[in-house]
Each structure stands twice: as C-alpha cells, then as structure tokens.
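The structure appears below as structure tokens.
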C-alpha cells in the first residue's frame, strides 16, 4: 500500500506539471478553445444543478433549524421558513447542556491531536532518518495494524480499559486514540521526501538528532503537520463509537453523544434537533474552510482516513 | 530542546548516499558497533513515546483478539481455552449469518455506486473553471461532516410520511414510495444511499489526483486517430486510472465490511435485524453482553474477510499488470 500511495503523490505532482503545458497548448488553437468554452458552459450548468442537489441535506438542515417543530414536515416543502425562529439557537443551550458537550469534544480533540502530532512526528523521524537494526521490521508492525479493522480489537481494548478502571473517563479515549499508527505513517511518508543530505549537513554543523528534528525537519514539514493535525482533530470531533463505548455519564458526553441522545429522547422536536446538528457541524465547517488545502493534501499523501 | 546537548549526534549518522548493505555490514564489523548502538538508542528514543502507547493500546489488543477467539471468557467467568468451540457456535447462529449477509449486501451496494459516482464527479470536476474549487469542496464536505448530524438529517429526509424524499418521489409519479428506515426491505438501501452520499467526495479526490496524472498527449493522439469521447474514455481514461481504481476498490471494500457507526446511529440494526452488520454483532456480544471470547471469534472472521478481499484484489491487479 505504501508504494501505491507514493505513486499517487508522484502522480499528483506530475499532473500539476502537465496541466501547465496543456494550458499553453490551448492558447495556440483557437477553434478548439471555443469548443472548450461551450463545453465549459455546459459543465458549469451541470455542476451547479448537481452540487445544489447534493447540498439538499445541508440546506434542509439549516432551513429546518430555523422553523417551528410543526413546520418542518410540510407539504409542499418550505425551503425558506415563513418566519425565522432564531430562538431555537438561544433555547438549545438550556434544553440540553450543549456548552458542556462542546467543551468535552474540544478538550478531547485538542489533547488527542497534540499527542498524536507530537509522538507521530517524533516516531516518524526515527523511522525515516535514523538507521538502526530492526527499524523496518518494527515499521512493518505499525503498517500491519493499520490493515486490521479496529472493530476486531475493540473488545480486548475495552477489557483492558475496564481492568485499568478507565472506562467512563476521557483518559480511556486519549490513550486509545493518541498513539495511532496512522499519524506515524502519514508523517513518515512526508519525511521520506525530505532529502537526507539536509540532515547530514545539519549533523556536520553539530546539531544533535533532536536538534535536527526540531530545527530542520519540523519547520520543513509544516504542511504535513497541518494535515495530520486537521485530520486528527476532525476525526476525534466526529468520533461516535469511541465516546459511545467509553463515556457513560452525561457530564462527559461529547457533542455527538449529546445530539444522539437528544434525538432519542425528543424525537418530535424536529427543529431543535436540526439546530443541534447545525451547531455540531459549524466548528468542522470553519476548520475545514480554513485548512481545506491540507485536508486534500493529507488525503492525497496517505490515501487514508484516520 | 534540553536534551540537545546531552545526547550528541554521531559525526557519521545515517548514510546519505545509501551505500549497499554489504558495505554497511563491513563498516559495522570494522568497529562501528558503538556507533550502531548509539543510533539504535537515538532511534528508539524518537520512537518510544508513540511506541509505548501503540504497543499497549493497539498491538497487544490486536494479538489478544486472536487468542481470545479460541477462549471461553465472559464477564462472569475466568478465561478458558476451548479451541474452535466459539467458531462452531458462531456458524450455528443465525444472528451471525444475518449480520454477514447484511454486511455483504451493504458492500455490494456501497462499493460500485460510490466508485461510479466518484469517478463521474472527478471527470466533471477535472477542468479549469472559475470557482471549480468551490464545487470540489462542497462535494467533499459531507465526508467530514459529523456522522450523527448526517444520520439525523437523512433519517428525517427519509421520513416515510411527508419526508422530502418521498414527497419528491410522489411528485415524479411514484404512487407508493418506500418506507425507508421503517421498512425492513428499504432500510438497507436508505443506509447505502446515505453512505454513498457521504463517501463519494473522498474517493472523488483520489480520482482527481489520478486524472490529473494522465498525460494530455494521450488524449490528443486519440483525437487525431478519430476516437470519439466515449472511446477516449474507455481506451485512455479507464486504463490510465487502473492503479487509482485498484486502490479505490480496495479501500471501499475494506471500509464497507467495517461499516459500523453509520448503522448504529441511523437504524441501530433495525427494523428487527434488517440492517445488523458484523461490527455491530461484535459490539453487542463483546461489550454489550460481555462474551469476550465469542465476540473475538466474530472479530477474527471480520479480519479474515478484510484480509482476503485485500489480498485477492492485489492478486488480480498483479495479473492484469503482467
């Protein structure tokens, strides 16, 4: 799988180069340019319709979140609420402990992201820039576990946490999710593209290996660090099964658990449910819009999700 | 870095020019053993913080899962070696077969639909247009939207009475639209539609990378030869995308067999057992009822399926390349 992903990345780079030459060629042939232009207009129209259709769930979510409960399901569908019920957005904080849920989600996401990025980039340096016997076998062990579905070992993990007395605590989730093999894999893929000569030069200048990691490799790997941080953060924020298995008391619940339980308890409060959904998605939307370049790069590099 | 001064790096670290192994072996023998030991120590200090967590919370549980499958162990009894008993029990239980069948049905629906739509979208989006980035982002966004929100919204969209989807179906002339998540025949299609909508943006990104790597000369040559757009698609695009498609198929199949949270949130396996999948069975038996041994046997089956699918696809790919 490593080869494949490396290929993909190389291809993406090659692709960018060939795009440039393609553009130059278009400029020379004007009849073709015209044909391309009409094609583009058609493509544009198709895209607008298509994307609008694909966005219907989001549109419906936002529009319903601004309605009264009894106006959510109407025949015909009202895409724009007759009157905007903004009070949903102020009432939800008292209906369910939404603020607490958001804080819990934020806490878990931040801690796990920091640990994953830190330990992942350290380990990746060891796996890519320091040569020692047994290194590659060990790395193979890491890769091997990525191939095992986590559902296959969630029961032993659960038994372990139970025995450590860590169920119903954030620590269980932090321990289980902060040391994933995925982060090591993603960072190593990137470090392999940094020439060894750079490290060598730094060594000759008298930097220790730790110094090289901190002063040479880390600054160079900002895009990869950003990708890993964003992917980890979003995965943790969105994670449902982990909190579902480990967090039983309401005060520890994350946004996902809180929202799910709200739906279970008050399944007729359609508008309020949609309001909660919007609130749970907004932080992800903001993070995504700010860092979307890194998301895409992270996926092209690793071809994998967390 | 406080450790910086304490642990000085060796003057000759990892070999920059990657000399062959023979040479390196000689170097070691010549008295660079100390150096090698030092490198080992340094290497391990880098790896250790992650490795400790990885060892304790991933590697050991993975190995334990294999062993547990051959043991009888519940939350009320001590572990006992029972050989293949768990597997015998599993093969004789309908909940296992139902879960397996549902998982396969899900995969059979999810894999081809996602693949075709992801490729179609990638072809459509692989052009230089103003604002194309916006369309790509919009199509990708469902993939990173929280699953609970996705499941909740789609559940409402699928609402059998007055839900927007059934209203639309009635509008286009379907007299008796399906009951979706409330019907045991239509719950699985509803889950598949939701998951396809959620995942296709992700695979579209992979296909876009693949499409951008195809040299434009190939298309130009095909055009000069008088190939129609359809012929160009089948004879240039499809073969050039083969490595990407292979990767996408492996990833899609593996992720289909692992399907879990979407089903838990959307239908919780119901109605009845119409959408219960393998992962859920593992959860119910293992964590829900504390049958650690039995659930690990189911886990092992899930792992073997995923492994077989991956190996099989690698084999097929190799044969094609030859």
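Coordinate-derived values only; no laboratory data. This one's a predicted model, so the numbers in the text were calculated from it and none came from an experiment. When we count neighbours, we look across all protein chains shown, and the Cβ atoms used for this are built from the backbone with ideal geometry, even at glycine.
For the reader, a short list of remarks on this structure follows.
- Area projected by the alpha carbon convex hull of chain A, averaged over all directions, nm²: 22.6
- The Cα atoms of chain B cover 85, 73, 46 Å along the three principal axes, with the biggest extent listed first.
- For chain A, calculated [θ]222 nm from helices alone, where every DSSP H run of n ≥ 4 adds -39500 (n - 2.57): -24000 deg cm²/dmol
- Ellipsoid equivalent to the protein assembly as shown - semi-axes via the Cα gyration tensor, in Å: 40, 35, 25
- Ordering of B:202-214, B:34-46 by burial proxy (mean other Cβ atoms within 10 Å per residue, highest first): B:202-214, B:34-46
- Computed over the range A:103-182, Kirkwood Rh from alpha-carbon pairs, angstrom: 14.3
- Evaluated at q = 0.11, 0.12 Å⁻¹: base-10 log I(q)/I(0), Debye formula over Cα of the range A:65-215: -0.71, -0.77
- Percent of Cα pairs exceeding the 26 Å cut-off, where the set is the range A:138-288: 46
- Between residue A:192 and residue A:282, residue separation times 0.36 nm minus the direct Cα-Cα distance comes to 28.9 nm.
- Most tightly packed first, judged by the mean number of other beta-carbon atoms within 10 Å of their residues, the peptides B:282-291, B:236-245 read B:282-291, B:236-245.
- Counting Cβ atoms of other protein chains within 10 Å of each residue's Cβ and taking the mean over peptide A:239-252 gives 2.
- Remark: the Cα gyration tensor places the range B:187-322 in the prolate category, a/c being 1.5 or greater and a/b exceeding b/c.
- Taking every residue in A:197-208 and counting other chain Cβ atoms within 10 Å of its Cβ, the average works out to 4.
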